[in-house]
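First the structure, in the form of structure tokens, and then the observations on it.
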Amino acid sequence: MAKFGKWIGSGLGWAFLGPMGALLGFAIGSVIDQSIDVDEAPLKRRSYQTTPNDFGASLLVLVAAVMKADGKVLKAELEYVKRFFYKQFGSERTKQHLLVLRELLKKDIPIQDVCLQIKTYTMYPARLQLMHLLFGVASVDGEVHPSELEVIQQIAAYLGIRQPDYNSIKAMFFKEVDGAYKILEITKAASDDEVKKAYRRMAVKYHPDKVSHLGEEFKVSAEEKFRKVKEAYENIRKERGMK
């Protein structure tokens, strides 16, 4: 029997959800094609729906782009993604996401087109959260490969992430000189008052409430980013003997 699910899915995805929808449609269609003769077909029997501003779908496509960047997909990366989605969506939805991710990893990801679509439909705090999660995937094996970093930089540029914000999130995963200051988006020359103001500003910017519209399922990862800001401030306080 001819199997056309991936082509139909891609066509419908492009028509309704742009380049990201086309990718997801092709991936979902491929999974359906492969499971036509299988008794258990998670994506055939359960709808896998997405919208232009679907944060989970955006993350899935960008994760695939980062994982493919160094030419190899590590087991540690897959386990990280699996744990993350399991915490966010539960067992059944995670199975669906991983099946789609497997197909996305076989495709070339048009990073610019996808990112411009995400930028159009996604608020800035949510895009910052995407960057934090992408660095998490890339660094799970203890280092970020140069090609992965290059892809993340491209994604940041296309998503319209401001350079200070990019440097701040990057510093949360890289041990850099004056890393705590970079997280707060200041230099070591800042006065104690400037440090305090920077902390308050960053605490507001990275507060989990900023991404509450994404749903409770993303609260844990948002709190991790918020905690990094607090840790950076405490490290500077101790270093300077600030009260």
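What follows is calculated from the coordinates using simple rules that are stated; it is not laboratory data. What you are looking at is a predicted structure, and each value in this text was computed from that prediction instead of being measured. Please note: Cβ atoms are built from the backbone with ideal geometry, for glycine as well, and neighbour counts cover all protein chains shown.
A simple spin-label model places the labels of LEU98 and ASP193 5.5 nm from each other, with each point 7 Å out along Cα-to-Cβ. As a rough footprinting exposure proxy, the listed residues TYR206, TYR166 were ranked by other beta carbons within 10 Å of their own, and the order from fewest upward is TYR166, TYR206. For HIS207 and GLU234, what is the calculated FRET efficiency with R₀ set at 22 Å and r taken between the beta-carbons, to the nearest 0.05? For HIS207 and GLU234, the calculated efficiency is 0.85. Straight-line cross-link reach from LYS230 at under 18 Å between alpha-carbon atoms covers these lysines, not counting any fewer than eight positions away in the same chain: LYS170, LYS175, LYS182, LYS188, LYS196, LYS197, LYS205, LYS210, LYS219, LYS238, LYS243. Overall shape of the stretch 164-243 was characterised from the C-alpha gyration tensor. The equivalent ellipsoid obtained from it has semi-axes of 23, 13, 10 Å, in decreasing order.
As a proxy for reagent exposure, ranking LYS175, LYS170, LYS106, LYS68 by other Cβ atoms within 10 Å from fewest up yields LYS175, LYS106, LYS68, LYS170.
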